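Any read-out appearing in this document is the output of simple, stated calculations on the displayed coordinates, not a laboratory observation. Predicted model, so just to flag it, every value in this text is computed and none were measured. Please note: Cβ atoms are built from the backbone with ideal geometry, for glycine as well, and neighbour counts cover all protein chains shown.
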Amino acid sequence: MTGPSEATIIEALRGVKGPDGRGDIVALGMVNGVMAKDGNIGFAIEIDPRRATELEPLRAEAERIVQAVPGVLSVTAVLTAHHGAPGAAAPRSAPPDHDHAHHGHSHGAEPRPQARAGKALVPGVRHIVAVASGKGGVGKSTTAVNLALAAHANGLRVGLLDADIYGPSQPRMMGISGKPSSPDGKRLLPMENHGVRCMSIGFMVAEDTPIIWRGPMVMSALNQLLRDVEWGELDLLVCDLPPGTGDAQLTMAQQVPLAGAVIVSTPQDIALTDARKGLNMFRKVEVPVLGIVENMSYFLCPHCGERSEIFSHGGAKREAERLGVEFLGALPLDMAIRETSDSGRPIVVADPASPHSETYRAIAKRIWQILEGGTAAGREAPRILLQ
Ligand code: ADP
């Protein structure tokens, strides 16, 4: 273990003055969740969320001061809503770092208006759709990027928000590197490639930075990605959620004004509990599940083109029917899908004529129909109002 200790970082942060020039942010109890690992530093600064824009220079100053500590390689400071503040990340009075505070079960069952009360709308964005999975490695990010590109190919204005803050892969899949610019020093411009605007925590932190986010830090990072970004006018914002159905995902589903969620699953786990957990999570927070995409559904032999059903192909369809959720489509396990997305040109742009690209475009079209038509799993999909 190298690099400065957490105590050293806290000492350094005493050099950052409080919001109104009084005291310092450590003495004021604003610094939270400091982690220092091999010179990679992360911490949260708790603020009143209404002052988020105004206090951005304070965040930047804290990063600058810590960056100057000998041995520091990278610094990530995030603003988090302070406990109990109106509109704070955890919309109740319990401190957000009490585990249950993220998602009291009773909260999920509250009526819709209240459940959505904490969710500020994102101006100019018509629909936000989450792409989720019960566990990692099922191809959630691959599906998210191809669906975003497919929706663009279908003529929509599309953004892609990489909210997979544990392992952001969209910069690589979208073939985007570098850092987003901020002409006014307050709001970030999204990066763009293949006609789709993209924002990812991966643009802000070095790839080898361990991102061990605690709950409130996750929320703050997501809120910043969502709201401090100049998305402009978008028909659809595709949100690549972290894999799994834990606290972080539930909090996101509660906080982001989602019009619906798409669940990605492989045939072998759909019949198991993972996908169902995803369904239940969204139901709990009253986000309509738009449907299930079965990924790595069958195997296309690259040599002979023969199709072999390695897993129990068709399981997702049956399970979707059983659960009363729409089955949106299936993609095979095909090297072409892996190679193209891993090299920054996902198959929808690399080979638009391929049958897989066609499938992605058909799924994107169906999702748009559901969003605009308002029928997901037999219930009205809520509209994101334009402000
Ligand atoms: P997740 O987001 O669920 O963790 P990823 O989208 O990152 O999963 O996919 C994991 C790996 O599997 C990546 O290398 C990706 O290119 C590959 N992959 C995803 N879907 C397919 C597919 N249908 N065929 C072949 N490889 C795939």
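See the values below:
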quantity	calculated
Above-threshold pairs, the threshold being 26 Å between Cα atoms, out of K186/K277; K179/K277; K179/K284; K140/K277	K186/K277; K179/K277; K179/K284
Fewest-first sequence of E321, E63 by Cβ atoms within 10 Å of each Cβ	E321, E63
Whole-number Å³ per residue for the convex hull built on Cα positions in segment 6-81	73
Extension gain, K365 back to A7 (0.36 nm per residue minus Cα-Cα distance, nm)	123.6 nm
